Every structure is written in C-alpha cells, then in structure tokens.
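Working notes, beginning with the structure itself.
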Amino acid sequence: MIRKNKDIVIALSSIPNTGKTTLFNVLTASNQSTGNWPGVSIEKKYGHMTLGEFKIQLVDLPGAYALLPSTEEERVVRDFFLKTPPDIILNILDARNLYRGLSLTLQMAMSGLPMLVAVNMIDELQKQGAELDIPILSEHLGVPVIPVSARTGEGVPELQHALYQVIKKPMHTRSPHISFPPVLEEAVKSISRMIDQSSEPQKLDHNFLAMRLLEDEKNTYTVQDQAVGMAVKSWRQRVERNTGTEIPVTCAKCRFNAARGLVLEATDQKPLPPDAHTEKIDRILLHRLFGLPLFLLTMLVLFQAIYGLGVPLQEILSQGFDAGESWLRAQQSIAMLPVWLQSFLFDGLWQGVGVVTSFFPIIALFFIFMSIIEDTGYMTRAAFLMDRLMHQLGLDGKAFINLLLGYGCNIPAVMGTRILSSRYNRVVTMLLIPFTLCSARLQVFVFLTAILFPPAIAPWVLFTLYIGSFIAIFAMGLLLKTLRIAGKPEPFIMEIPPYRFPMIKSVALRTWQELKDFLYQAATLIIAGVVVVWLLTHFPADVPSASADTWAGQLGQFFSPMFTPLGIHWQETVALLFGFIAKEIVIGALAVIYGGVNLKIQIAAHITPLQGFSFMLFTLLYTPCIATLAAIRAESRSWRITILSLVLGLGSAWISSFLLYQTGLVIGFE
Amino acid sequence: MSSPLTIRPGCECIIRSLGQDKKVARRLAQMGVLPDTRIKVIRLAPFGGTIEVSIDQGQYFALRADEVNALDCEMVVMPLSDKTVKINQYYRVRSLFGGKTFQQKMEQQGIIPSIVIQPLELNTSPILIELIEKKKNLTLGLGQADKIIIEVIDDPQK
C-alpha cells in the first residue's frame, strides 16, 4: 500500500511524439505548474489530480528514447528514475507504431515499479483498419495496458480507473522476458546478487539496477558500494569482449528484438502502412527545389502574422500605459509626492512595468504560432530543410527559426530556444540571437539614416546594417563553435513524425504557460534594470536629468576615451546606456540629452554620417537589451552565459565600430 | 559484402554494423536502428548533406551524410551502376529512373520493372548484362545503368 499522507507521484514517460503532452493536459486539465529540473534549463511540468481518495502529482517527463541518456532531456529522465523513483509509472505507446516505444517500455517494466501502459492514438489505428490485441500485450509486458485516445478522450475514464486500481493495490511488476546473451545474463545475475547482499535499501528491482550499472558508465550514484562498482567494470569488459559489441547496443538490440516479437503477436498486420497523407505532403514540402522557398514563405507569413498583429496590440497597450500615467499623475495624493519620488514611480517603476507588458502580445503570438508549427510536425521538417546551412555553425536546422524570429524581437526568440534539442544548440542559439537586427533597432536606424544620409543612400545604409547582422551571426557562430563554449555539437539524428492537426487546447495552454514564465522569471530583472538606469540618469538629485552632471553623464565622460576612437560622443554613450532598457529608447534619450527643440537638426549638427554609421553599428551589436538578457538568464539558468552574451556583444561592437570609423577616416570620410 | 549506403532516393540496404562512432551507434540503437535493420533513402535535403531515411518498422529519420556513411551496409536496392553490383549475381529491375524517352527506349530493349538480369561485364564501358528470361545479352551505357534501379535476389525462379 502506498503511503496515504503524501501525494502519490506518477511519472508520465514515453519516447517523443506519442501524444504524451496531450494526455497530460487531458488528465490534469488546468491544474498544472512548471519549474525547472535541477541544474538544467529543461522545463519541469507537473500537474495535480485526484482519483477517489488519493491525491496525485503527475510529473510530465521529457521525451526520452532510453534510460541511457544521449541528450540533456534523457539525463533528466534517468536521474529522476534512479534518484527519486516515482510511485507509479504511466508509460505511453503510440498505437500506430508500437515498435518505436516498446524498447523504453520494456526498460521501465524491468524496474519493478508499479506500472501502467496507455496505448495512445488508438482511434487512428482503428481508422487504418488495424487491430491491437491488448490482452496479449498486457500479458507479455506484465502490466495493465489501456487503449486510449488523448485527443477524443476515448479510454481516459478507463485509464483513470486502472490507475486507481494500481494505487489501491500496487503490484510488484513482473519483469517481462527479454533474452540477452548468456554472458550478459550471467553478469546481471552476479551483480544483482551483490546488490542483494549490500546493505543499501533499494526501491528498484536489483536486476534492473544491475542492468543500468552495466549499460551506463556515468551512473555511479544508484549503488554506492565500491565492490559492486569494481565488479561492474570487470563484467562490462568481459561482456563486451564476449559479444564484440558495446553493451548499450547489445541491450538495445535485445530489447528491440523482444519489441518486434511483441508487435508481431499484438497486431494483425506488420508493419503498419506508412501514413499516406504525410507522404503526399512531404513530397511537396520537402521537395528538393520547392521545399526551401515554401519554408521561407511560411516563415514570412509567420513573421507578418506575429508582428502585423503584435505591433498594433503593443501600441494599444502602450497608449493604455500613457493614459494610466497621466491619470495617476493627476491624482492629488500622487501630485503631492516629492518630485524625485514621482519621477522614480513613473520614469522608473511604471516604465519598467510598461516594458514588461509591452512584450506580452509578441510573446503570446509567437508561442501560438510556434506551438502550431511544432505540433503539426513541420518544425522537424524545417530542421531538415535548413540543416545544411546551420550545420556550418554546429547547429541544427531548427535554430534557424529562432534566429529568423530574432529579427522581429529577441525576447520570444530566446524563450523559444527551449524547443531546440541539445544544450549546445540552445546556448549557441541564444548567444547568436542578440546579433539579429530586431524591430527596436530598426526604429533607431530608420530614424538616424533618414537624418544623416541623403534619401538615395539611406536604404543602402540600412541594407548594409542587415548584412552586418548576418555576418556577425555567422562569425560569432563559428567563433563559438571553435571555442567550444557550449560544449560539443551532438550527432544529428532526428525522428520525423507523421503530420498531425494541432489542438487548440494544447496551443492555448502552452502560450499561457510561457507568458506566466516570462512574468515570473524575467519581469523582476527587467524592472530592476530600468530602475538602475533611472537612478543613473536622475542622480545626483539637484542636476537636470540625463545632463552631463548626472551619474550617467559622468559615466559617459569617463568612458569617452574609449568611445572617441569610434566617433561616438559622450552624449551618445549615455543614449546607449538608455538603449540597454530597450533599444528604441535610444532616440528618445538623444532627444533628452541634446535637449534642443528639433532633435533632427541637433543630430545633423553634432554627428557626421561616418560617426552616425559607427554609432548605428555599435547599437546593432552591443549588449542585448535588459529584457533579452533576462530571457537569456531565465533560459540558460546560467549567469556565465548571460555575462558572456554581454561581453560578446560589447566586444564585437567596439571592434567593429573601431575598424569602421578608423577605416572611414583613412579613406577620407569625415 | 559491406559498404556505405549509396545515398540516392530509393536505395535500400541492410545494416550490418552501426559503425565506429560510439555516440552515433548508441543513439541509432536506442531509436531502433540496429544491425539487420533494413533502411531506405527517402530523399535528400536541399543542398544535400542531410538525408531522410525510413526503416522497415515504419519510422522516418533525418540523418547527416557523415552518420549514414559510417554505417556498414549490405546494399539490396541500388542503381545498376552502383559499385556493389557484382557479376554472376541475379538482380530484379525495380524501377526506371528517367524520362519517358528513356523508359520507352529501355522497354524496346526488354528492360521493364520486375524482369531479372545478371551482369556479365561491369568494369567496361558499356557494360554487358544478360536478360535471364529472354536469354539475351545486352550492352548498356553507364549513364543508362545509373538510371536503372535494381534489387538483389537469390534465385531467379522465385
């Protein structure tokens, strides 16, 4: 009997693309929370439900192909299973292709933990006219098997009932029979006997533990006993010498052989006919010639949809904030406050909150469209199409989408890196995104180029800045690849799932979750950053804000020896400091600093075209805005990566602007 | 005889071993791509380098050429020009990979899908093959051989 006072932990586990998240959403509905797995940037999702008298915590584990990890997600799954075994395992199989998932199912079934298997998408199997012998499957696996369809809800009450039964009367799972080479069987038995004799209490089956130790060199924590460790090492050598293959490959082969046998017994036709729709669609979408143009077209539509809908929404929000500000300022109780406090409240706090909320529409739209693309299965196709190009940077094709969307806004693009498949991909991509020419930078550039360059040249300057952004991304990508800052790229082996219709509920839940995450994880840092810049530009209290005498002005002058070789005056340095809040503020800041009535005339009088170009190049590359940094910090869970992003930006900006300005001077521009 | 999988859409092989890269071998094994698995090239990505393959259990994968080349394979479906094609081995024509003119031309010579052939001379240009059912010898240019997709068979009677 499972202890009654605590929540019962059920782990939801399966290989990728079995509809696990859909089932998770069906079982826990809106009762979900997210967190992070210890030490990694992978999202931990869990939900709550009650079955009869039991309170249950359902943990949605990342998709994993095996308990021997190849990816960060799989490491999370292994550590969870071995360090904190759940009370019950709920494993999911894809009815359309049992073979894919059965190897993991068999591994889990060996753990001895009470377990249940849900065969999902049973309705789609029936549509294909195939049948599944559930009792046979259940008998061979030694655990209850329930056919369900997470989409239609078919079988879900039965699944809940079966779970209830397992909680009420948990049975030690009888290990399914898999035949291994005799020497491996011997090794497992011998090590298992040693575990029997050691004093450490184990919740997991000893044969299972022995197998995990043999397969996984890096699993040193399940059994601490030194003698066991030594025995494992020598057995491992003996088995590998005897079979001539690495143990993990031998094990996988034996498990998949068992899986193949099981499939043969449980289904009447083998293998299932491939999905005809998917084949037809892929013939067009993955076409060697038309595939890429179609993908770029899709991206263009996506981009237009996100920003075409998002920017007007942002404007409405910002008008709302302005209206709120004037209304608040008009209030007696606030107007009576000291001037500096009012300034802090409105120019500091209120503006910080404004910056945070202004990202909401873009982030929401971004994740709505991203989830749709991901849920249909087109994301893996995009990765396939763009792989060659991105491979040069050690990235896979999916990263292209993030980079591209960075050209709209960096923040959702960085948040979206969590869909990428390895830590290397995630870290490198989030370090490259800040070099995209986002819409906020574009506003600054459009404004400045119009003032500083004649109409015939201005568009070319803008175009050059776009090219500069591409070059920066590529150069930085190569640099990061060579420096191995994010570790080594992983082999690219990706399963391409059949196309599916996305579900509104999943998309909505995901988007809501992302907004909540952004609010919790990034908002504080953004508001803090805005307040710090406010402090610098408004103190000491007795000088005009943003003037030469403020701390910011003093900083600008202090750094002027560093910026003079770039052709950047101290006034612009202060504007750059403002740009840290959000790049579009640079123009507004220049207006405050130069103080004159007509900013355009002021700028034209103070800045030469060459200096302006150097300033824009600096603005393009230097530190990501505070919100992007906050997103990088939230996604990477690492200050090292966050600071690296800052350093890379500032360093490359300084070098590029220096080269540009000095070369320009030498050539004879002024 | 083992060789890397010929990377052309439609080519098939049976994997004999997963190659030397441990990381890749493990990953493939865990995803169900194992020795004795039959693997088929579906398509190449734009610019090449990345390949979509399917395996006999109905899964589709994207792999890079490096990973595919590391696999030790026994070719079972390939173009007649493939270097794994041997003399004195029976092959069945699977499909003709070319325009209408080419298909008609081949038909006139008796090369249509499902007929059995046996190469007699391969290291020459043109090559010499025998059409088993018709007991007729035929020479083919290398360009033509490249467009004829064949499948290894054991016994022409079957």
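The values are calculated or read from the model by the stated rules, or taken from the named source; none is laboratory data. Keep in mind it's a predicted model, so treat the numbers as computed, not measured. Heads up, the Cβs are rebuilt from the backbone with ideal geometry, glycines too, and the neighbour counts pull from every protein chain shown. Only protein heavy atoms, including side chains, enter the accessible area calculation; ligands, DNA and RNA are left aside. Shrake-Rupley method; radii C 1.70, N 1.55, O 1.52, S 1.80 Å.
What to note about this one:
- Taking amide H atoms as placed 1.01 Å from N in the peptide plane, the amide H of A:I8 lies under 5 Å from those of A:K55, A:I56, A:Q57, each 5 or more residues away in sequence or on another chain.
- For segment A:308-319, 3J(HN,Hα) computed residue by residue from phi via the Karplus equation (6.51, -1.76, 1.60; θ = phi - 60°) reads x, 7, x, 5, x, 5, 4, 5, 4, 4, 5, 4 Hz, glycine and proline entered as x.
- Whole-number percent relative contact order across segment B:84-125, with pairs defined as alpha carbons under 8 Å at least 6 apart: 58
- Dipole of the protein assembly as shown, positive direction: furthest Cα of A:G416, A:S70, A:L209, with charges on the beta-carbon: A:L209
- Members of A:K189/B:K23; A:K488/B:K86; A:K280/B:K135; A:K20/A:K280; A:K168/A:K203 lying beyond 30 Å, as alpha-carbon distances in this model show: A:K488/B:K86; A:K280/B:K135
- Applying the Karplus relation 6.51 cos²θ - 1.76 cosθ + 1.60 with θ = phi - 60° to segment B:66-76 yields 3J(HN,Hα) values of 4, 5, 5, 5, 6, 6, 8, 10, 10, 5, 10 Hz, where x marks Gly and Pro.
- Segment A:630-670-segment B:89-109 distance, computed between alpha-carbon centres (Å): 60
- Our analysis of chain A gives Rg over Rh at 1.04, with the two radii drawn from alpha carbon positions and Rh computed by the Kirkwood formula.
- Chains A and B together bury roughly 3800 Å² of accessible surface, counting both sides and using a 1.4 Å probe on protein heavy atoms.
- Simple spin-label estimate for B:R8 and A:N242 in nanometres, 7 Å along Cα-Cβ: 4.5
- Using a probe of 1.4 angstrom and keeping all protein chains present, the accessible surface of segment A:212-341 works out to 59 square angstrom per residue.
- Counting only protein chain heavy atoms and rolling a 1.4 Å probe, the accessible areas of A:W460, A:W235 rank, largest first, as A:W460, A:W235.
- Angle between chain B longest axis and helix B:100-109 axis [Cα atoms, degrees, rounded to 10]: 60
- Cα-centre dipole for chain A with unit charges at Cβ (Lys and Arg positive, Asp and Glu negative), debye to 20: 860
- Crossing angle, helix A:247-266 versus chain A [Cα axis fit, 0-90 degrees, rounded to tens]: 70
- The local environment of A:T152, defined by Cβ-Cβ distances under 11 Å, has a net charge of -2 under the rule Lys, Arg +1 and Asp, Glu -1.
- CD proxy at 222 nm, helix term only [per DSSP H run n ≥ 4: -39500 (n - 2.57); per residue of the protein assembly as shown; nearest 500]: -17000 deg cm²/dmol
- One chain, two ends: A:I643 and A:K233. Fully extended at 0.36 nm per residue, the span grows by 143.5 nm beyond their Cα-Cα distance.
- The accessible area of A:W340, taken with all protein chains in place and a 1.4 Å probe, comes to roughly 140 Å².
- Beta bridges per DSSP with both ends in the protein assembly as shown, % antiparallel, nearest 5: 75
- On Cα atoms only, tilt of A:626-636 relative to the major axis of chain A in degrees: 20
- Of the whole protein surface, B:D66 contributes about 110 Å² of accessible area at a 1.4 Å probe radius.
- Prolate/oblate/rounded call for segment B:62-122, Cα gyration tensor, a/c under 1.5 rounded: oblate
- Loop exposure criterion: trypsin sites (Lys or Arg not before Pro), DSSP state outside H, G, I, E and B, at most 14 other Cβ atoms within 10 Å. Applied to chain A, the longest stretch between such sites is A:289-483.
- Pairwise FRET efficiency - A:F303 versus A:T357, Cβ, R0 = 25 Å, nearest 0.05: 0.65
- Share of carbon and sulfur in the accessible area of the protein assembly as shown stands at 61%, probe radius 1.4 Å.
- When A:E72, B:E133, A:E217 are compared by accessible area at a 1.4 angstrom probe, the order from most to least is B:E133, A:E217, A:E72.
- Applying a 4.7 Å Cβ-Cβ cutoff to chain B leaves B:C11 as cysteine residues with no disulfide-compatible partner.
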